[in-house]
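Step one of this worksheet: look at the structure below.
Just so it is clear, none of the values below were taken in a lab; they were calculated from the coordinates. Note that the coordinates shown come from a computational prediction; the quantities given were computed from them, not determined experimentally. Ideal geometry is used to build each Cβ from the backbone, glycine not excepted, and the neighbour counts take in all protein chains shown.
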Amino acid sequence: MAAGVYPYARQDFVTGALAWTAATPLKVLLVKDTFLYSPSHRYVSGIVTYEVAGANYSRKSLDGISTSVDTVADTVRLLAHPLTWPALNVGTIGGMVVFVQGSTDADSRLVGYTTDGFPRDSNGGDVTLAWDVTGLALLV
């Protein structure tokens with residue numbers, strides 16, 4: 001289990017090319033349990049083969065985007081409101097990936113991922129995914 005920010009996104013945060021609370025639209029896609037994180041992934045097109053497919057699935061926009069600073073742990077948490085997919089039936093969900101929507105998957109930049117709390121089975125019921133209290137990721 002893991003969660004983190006892709007290296008290219010970290011670089012974009014540092015250079016100012018990406019701001020968590022200003023990047024729009026930030027979206028989430030769900031990945032299969034065969035998903036393998038690679039630090040070389042930069043765009044959605046590099047992971048689209050891992051994306052789930054099935055009844056009532058679509059990529060979701062994030063809202064309630066915020067950050068939280070923890071000076072004791074020396075971290076910054078990336079946070080957003082929970083997401084719900086009603087009547088979702090896509091098999092086993094292995095994780096979720098946050099990205100900045102571009103005009104195509106080839107220019108939609110990956111931001112972060114989490115496999116914490118996964119795998120989860122979908123069987124036609126509602127699937128709600130909430131961020132762990134630590135957020136999507138910790139920037140240290």
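Of note:
- Listed values (i) 16.5; (ii) 18.3; (iii) 15.2, entry calculated as Kirkwood radius over Cα pairs in Å: (iii)
- 20 Å cut-off, amide nitrogen to a point 7 angstrom out along residue 24 Cα→Cβ, residues in region 90-104: 98-104
- Karplus-derived HN-Hα couplings along region 98-110 (A = 6.51, B = -1.76, C = 1.60, θ = phi - 60°), whole Hz, x at Gly and Pro: 9, 8, 9, 5, x, 7, 9, 4, 6, 10, 8, 7, 6
- For region 63-91, the residues whose amide N sits under 11 Å from a probe point set 7 Å from the Cα of residue 128 along the beta carbon direction are 82-85.
- Extension gain from residue 60 to residue 72, taking 0.36 nm per residue of separation minus the Cα-Cα distance: 1.0 nm
- Remark: spin-label model distance residue 14-residue 53 equals 3.8 nm, labels positioned 7 Å along the Cα→Cβ axis.
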